[in-house]
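Here is the structure we will look at.
Just so you know, all these numbers are worked out from the coordinates, no wet-lab data involved. What you see is a predicted model, and the numbers here were worked out from it, not measured in a lab. Methodologically, a virtual Cβ is constructed for each residue, glycine included, from the backbone with ideal geometry; neighbour enumeration extends over all protein chains shown.
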Amino acid sequence: MPQLRVMPMPADANVYGDVFGGWIMAQVDIAGSLPAVRRSNGRVATIAVNSFLFKHPVFVGDLLSFYAEIVKVGNTSITVNVEVYAERNRLQADTVKVTEATLTYVATGEDRKPRLIPPLDSLTSTYTF
Ligand SMILES: CC(C)(COP(=O)(O)OP(=O)(O)OC[C@H]1O[C@@H](n2cnc3c(N)ncnc32)[C@H](O)[C@@H]1OP(=O)(O)O)[C@@H](O)C(=O)NCCC(=O)NCCS
């Protein structure tokens with residue numbers, strides 16, 4: 001299941017008419033944060049973008065699906081891999097993997113300081129990690 005599905009609009013394009021990388025990065029950050037929020041059972045802050053590969057361009061009107069998977073859980077941090085697929089021509093099922101990134105989130109408390117990731121068996125969420 002993708003964490004997000006979204007279609008970039010003309011306002012998300014760069015001066016050449018393709019989708020602006022910063023817009024894609026923002027969506028990736030949101031998509032990656034969702035499993036981190038569930039796993040940490042609370043708020044998180046992005047501490048690092050470990051890698052980011054824009055392998056193929058994204059065009060206005062592509063339907064983007066953002067898949068996110070937790071790859072590491074530390075004491076206070078969670079690292080998530082995000083893959084982005086673009087459906088370019090939906091009637092012909094033309095799908096291209098356009099972007100892959102790895103980001104690290106830190107679980108934070110109300111004071112915005114790091115907090116420990118709770119053990120898996122303490123979570124009430126039905127989400128499977
Ligand atoms: C997130 C924040 C609260 C963490 O506080 P901190 O004192 O810097 O964190 P720490 O040094 O204790 O490290 C916390 C965790 O992050 C990890 N970490 C630190 N630097 C890292 C890096 N460069 N890459 C990956 N992980 C890193 C640490 O290993 C630690 O993980 P662990 O507890 O699982 O071992 C603080 O850095 C912050 O507020 N940053 C701004 C966040 C933000 O505004 N993000 C939005 C983007 S602008």
Please enumerate the residues belonging to the stretch 1-43 that are under 17 Å from Thr102 (Cα atoms) and not in a helix (DSSP H, G or I). Pro2, Gln3, Leu4
On the basis of being of a type in the set (A, V, I, L, M, F, W, C) and out of contact with any strand residue (DSSP E or B) (no Cβ under 8 Å at 6 or more places or on another chain), does Leu91 make the cut? yes
In the stretch 67-87, residue farthest from Asn41 (Cα to Cα) [restricted to those that are surrounded by 17 or more Cβ atoms within 10 Å (Cβ to Cβ) and charged (D, E, K, R)]: Glu87
Filtering strands (runs of 3 or more DSSP E) wholly in the stretch 44-129 for at least 3 residues that are out of contact with any Pro (no Cβ under 9 Å at 6 or more places or on another chain) and more than 16 Å from the ligand (Cβ to nearest atom) gives 77-89, 94-107
What pairs can you find where one residue is in the stretch 24-44 and hydroxyl-bearing (Ser, Thr, Tyr), the other is surrounded by 20 or more Cβ atoms within 10 Å (Cβ to Cβ), and their Cβ atoms are less than 7 Å apart, with a gap of 6+ or different chains? Ser33/Val44; Ser33/Tyr105; Ser40/Ile78; Ser40/Ala107; Ser40/Ile117
